[in-house]
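Data first, discussion second: the structure below is written as structure tokens.
The values are calculated or read from the model by the stated rules, or taken from the named source; none is laboratory data. Just so we're clear, the structure is a prediction, and the values are computed from it rather than from any experiment. Every residue, glycine as well, gets a Cβ built from its backbone with ideal geometry; the counts of neighbours run over all protein chains shown.
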Amino acid sequence: MNLTHAQISELLLNIANSENGTNLLMQMTLDAFMKSERHLHQLEHPGDSANGYRTRKARGFGKEMVLKVPRTRNGTFYPVLLNVLRNEDEEHRKLIFSLYRRGLTTEQVSDVYEEIYGKEYSKQQISYLMKDSREEVS
């Protein structure tokens, strides 16, 4: 099926305007990029064949997404995009630790994080992150 540019644009606009549509488009794009990355990897490593997918949760626009991360039989492929997502998770931890270190309570840190990222952390989760961060710094 060949669609015109206008038809594709209209379809994407309809998806984007639907509930959770922006996250769906982002998820589809990231999945496609990682699949393309694996294809390039296979061209460079002809003996390493595709071996399905594993799932990984990531943050979208205020909601969680489940990405399909491609695998290879030899396990030598790791998508560059996952490093970007991992760095983003690390930046979130740094923000939480910085707010807490500046004197905000765990409840205040949780409120700020929810306001900015749309994800709620309980006071207990913030406390755990603080403990975990302190151990990493030590």
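Observations
- When M1 is tested against (1) hydrophobic (A, V, I, L, M, F, W, C); (2) crowded, with 16+ Cβ neighbours inside 10 Å; (3) not in a helix (DSSP H, G or I), just one condition goes unmet, and that condition is (2).
- Scan of segment 30-45 for residues that are more than 22 Å from the chain's Cα centre (by Cα) and of a type outside the set (S, T, N, Q), ordered by number: L43, E44, H45
- Only one of the numbered conditions (1) at pLDDT below 90; (2) surrounded by 11 or more Cβ atoms within 10 Å (Cβ to Cβ) is not met by E19, and that is (2).
- The set of residues from segment 41-99 being among the aliphatic types (A, V, I, L, M), without any contact (Cβ under 8 Å) to a residue 40 or more places away in the chain and touching a Ser or Thr at 6+ places or on another chain (Cβ under 9 Å) comprises A50, V66, V69, I96.
- Considering only residues in segment 84-107 that are among the basic types (K, R) and assigned to a helix (DSSP H, G or I), the one that is nearest to the chain's Cα centre (by Cα) turns out to be R86.
- The set of residues from segment 51-74 being on the phi > 0 side of the Ramachandran plot and over 12 Å from the mean Cα position of the chain (by Cα) comprises just one member, G52.
- Residue selected from segment 72-83 under the condition part of a helix (DSSP H, G or I) and loosely packed, with under 11 Cβ neighbours inside 10 Å, by the criterion modelled with the lowest pLDDT: N83
- Just one residue in the set L82, L11 is aliphatic (A, V, I, L, M) and either farther than 24 Å from E120 by Cα or in contact with a helix residue (DSSP H, G or I) (Cβ under 6 Å, 6 or more places away or on another chain) (or both); that residue is L11.
- Test: residue in segment 84-94 that is at pLDDT 85 or above and loosely packed, with under 12 Cβ neighbours inside 10 Å: no
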